2 protein chains.
Amino acid sequence: MSKLENDRLLRALLRQPVDVTPVWMMRQAGRYLPEYRETRKKAGSFMKLCTNPELACEVTLQPLERFPLDAAILFSDILTVPDAMGLGLYFAEGEGPRFKNPLRDEKQIQALAVPDPETELRYVMDAVRTIRRELDGRVPLIGFSGSPWTLATYMVEGASSKDFSIIKAMMYERPELLDQLLDTVAESVTLYLNAQIKAGVQTVMIFDTWGGALTPSDYCRFSLKPMERIIHSLIRENDGRKVPVILFTKNGGQWLEAMTDTGADALGLDWTTDLADARRRVGNQVALQGNLDPSVLYASPQHIREQVAKVLASFGKGDGHVFNLGHGIHPGIPPDHAAAMIEAVQELSPPYHRV
Amino acid sequence: MSKLENDRLLRALLRQPVDVTPVWMMRQAGRYLPEYRETRKKAGSFMKLCTNPELACEVTLQPLERFPLDAAILFSDILTVPDAMGLGLYFAEGEGPRFKNPLRDEKQIQALAVPDPETELRYVMDAVRTIRRELDGRVPLIGFSGSPWTLATYMVEGASSKDFSIIKAMMYERPELLDQLLDTVAESVTLYLNAQIKAGVQTVMIFDTWGGALTPSDYCRFSLKPMERIIHSLIRENDGRKVPVILFTKNGGQWLEAMTDTGADALGLDWTTDLADARRRVGNQVALQGNLDPSVLYASPQHIREQVAKVLASFGKGDGHVFNLGHGIHPGIPPDHAAAMIEAVQELSPPYHRV
């Protein structure tokens, strides 16, 4: 493997000194880029794009051709694991993900098998290897998975849900059955992330999109604990460097203290939490990633720059900040607005660093 | 006016002693009740139901016929005020509210007039007077309005929104224009709530459904400040009693301290905040209302009872708790599950009170 030329992201995630705050964007390889839409059209469908390592590599690298980003993130979907478990992932146009075979009874849950990532999810590992080769050490590659709770919501509901009625009925009625489902999913995610790390990803992020829909005690039991078990079972070294783990619970701003105790190296934050407050609360235990409101990118470059300045100032001086949006970039954002954000981070952040 | 027979709600909102924790449900007059669906069918449409004082009274009282609730809440919609401003509210079946004339330019915003509640919103005041007469002092009547920020999101977006792209672009690009819109809406809401109080409501609640979509500083400026101005301009006495004000920002659990400083008597909480933590944070300044996850009501009566017990225990001993769901009751809930919740509150709460 080539030597890593730009290691700002890995350093910041471990709270080591950097010259400039590293920046990347959730969903940076996505629909807001015309070249992405082109490749997706060529692929024929979103799933065909995910499962074709050459095309997945192509879209992973597209934002790096345009912008001086400090990281690449594997192009994939959070629902590849349940798909590999036989649930039949598909995307209805304009509707979001759906499963052909959602889990609706105890037998289905007990029959679930943990997929072998190098066979059933081989296309993901091949994409990782291809991307690492093509990246050639320019920036680190981020791997990822959905959290067990988030995956379970889709697996049980069968689609995106507004109020999670089916899985919450299960949670309140049969909590031990939900524990069992989450155990199987957590084991699958552990193997999946470890396979990504063996294939070459240099840091991993766990996306807990729906943990914020729970009460504090249910969050601890059904979302945080399974993530904690995963973190404790991950391979933590690659190419002789530590593999940092980023934990992101959307709408999880009330639970940062508990998240800090999981062993994660960094917490992702959405924009509803002030970075200065968050930093006070987590102390020197973890780095923080975030948290520009993605809707800021609808404004003009001048106003984007002002809001970037506010985010940098709220974190303040010192190490341990990775600049990002607080959620994925919206499909309607003009690419030059993303460019304005990245440029602002790189121009305005050096005074916050000692090096 | 008849003497109020059951004043538990008003007492609890002012942190005065009660024998039993008062309980009501957001959207207690709603689609989960077959008798509501019947009346709505009779009315022809949701808007016709809202604008007909006799029918609005009928559905307001329906849940009280079934359940021993401690309050009635005016049946209306949060969007009646912008409708009275000429935006043309309508409901497309299964789609949520929409406006025929959303605000899309500066001229429209500057042309907005503050409606006179006793003329343009007379049907609401007539409903209040009718309901008070029919309630005949059994329980207090709650009036309400949407928050200025929440109303503004619908007025600018024209419908429910996932990411508030249009109003947030305005917020970041033209903050002073948004301030101006919020000023007009706040003035309208103030007159509207004061007219409700004069017509007979005994407590008012401000529903800030979308404040939780903002950053902490934007929340303070664009959602909290306009609500604070309203609270300071409200008539605070009716029938010789104080009219308590309840402030509810959905997903606002991170900002309780700031909400406490507005002069509100009580804060509504969704289920993502622990009541014991919230109580520690707000001290003796405000009462707390909430916060059972509405999805608990999908579970069986036995499990509902367990979860009610947890909510009561999390608030603990003492005054200043109003039991409620953390959001409106879902349309698919069986009415006997709501009954199980109310019964559990009334059976399990007396040990938490001194009287």
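No lab work stands behind these numbers, since they all come straight from the coordinates. Please read all numbers here as calculations on a predicted model, not as lab measurements. Here Cβ is always computed from backbone atoms with ideal geometry, including for glycine, and neighbour counts include all displayed protein chains.
Details
- Relative intensity of the protein assembly as shown on a log10 scale, I(q)/I(0) at q = 0.10, 0.11 Å⁻¹, equals -1.01, -1.20, per a Debye sum over C-alpha point scatterers of equal strength in the absence of solvent.
- Per-residue average of Cβ from other chains inside 10 Å of A:246-256: 2
- Using a Förster distance of 30 Å, the FRET efficiency for B:L177-A:K162 (Cβ separation, nearest 0.05): 0.40
- Considering only A:A195, A:A313, A:A127, the mean-square fluctuation computed in a Gaussian network model of chain A, springs between alpha carbons under 10 angstrom, is largest for A:A313.
- Under 22 Å of direct C-alpha separation, and excluding same-chain neighbours fewer than eight residues apart, A:K48 reaches these lysines: A:K100.
- Sites B:A276 and A:K198, calculated FRET efficiency, Cβ-Cβ separation with R0 60 Å, nearest 0.05: 0.85
- Between B:C220 and A:Q16, the modelled labels are 3.7 nm apart [label points 7 Å from Cα along Cα→Cβ].
- Crossing angle, helix B:148-157 versus chain B [Cα axis fit, 0-90 degrees, rounded to tens]: 50
- Kirkwood radius for region A:316-355, taken over all pairs of different Cα atoms as the inverse mean of 1/r, rounds to 11.7 Å.
- The C-alpha atoms of chain B define a longest principal axis, and helix B:335-348 lies at about 60 degrees to it.
- Average beta carbon contacts from partner chains per residue of A:41-48, 10 Å cutoff: 0
- Between 0 and 90 degrees, the angle of helix A:175-199 with respect to the longest Cα principal axis of chain A falls at about 50 degrees.
- Inter-site label distance for A:Y90 and A:Q108 at 7 Å from Cα along Cβ, in nm: 1.5
- Cβ-based exposure ranking for B:T150, A:T51, in which fewest neighbours within 10 Å come first: A:T51, B:T150
- Remark: A:C220, B:C57 ranked as A:C220, B:C57, counting other beta-carbon atoms within 10 Å and listing the fewest first.
- Note, ³J(HN,Hα) from phi for region B:274-289, Karplus 6.51, -1.76, 1.60, rounded to Hz, x at Gly and Pro: 6, 5, 5, 4, 4, 5, 4, 6, 8, x, 9, 6, 9, 7, 10, 10
- Amide H contacts of B:F207: B:S145, B:G146, B:S147, each under 5 Å away and 5 or more positions distant or on a separate chain (H built 1.01 Å from N in the peptide plane; Pro and chain starts excluded).
- Whole-Å distance, taken between Cα centres, linking region B:188-223 and region B:110-159: 11
- Between A:K3 and A:I235, residue separation times 0.36 nm minus the direct Cα-Cα distance comes to 81.5 nm.
- For region A:217-280, the dipole from Cβ point charges (+1 on Lys and Arg, -1 on Asp and Glu) about the Cα centre works out to 160 debye, to the nearest 20.
- Counting neighbouring beta carbons within 10 Å and listing from fewest to most, the residues B:Y172, A:Y154 come out as B:Y172, A:Y154.
- DSSP bridge orientation in region A:227-294 - percent antiparallel, rounded to nearest 5: 25
- Of the trypsin sites (Lys or Arg not before Pro) found in region A:151-208, those in coil by DSSP whose Cβ has at most 12 other Cβ atoms within 10 Å are A:K162.
- Amide H partners (placed H, <5 Å) of B:N324, local residues excluded: B:G290, B:N291, B:L292
- Estimated FRET transfer efficiency (A:D261, A:K317; beta-carbon r; R0 25 Å; 0.05): 0.45
- A crude spin-label estimate for the pair A:N284 and B:E38, with each label 7 Å from Cα along the Cβ direction, gives 6.9 nm.
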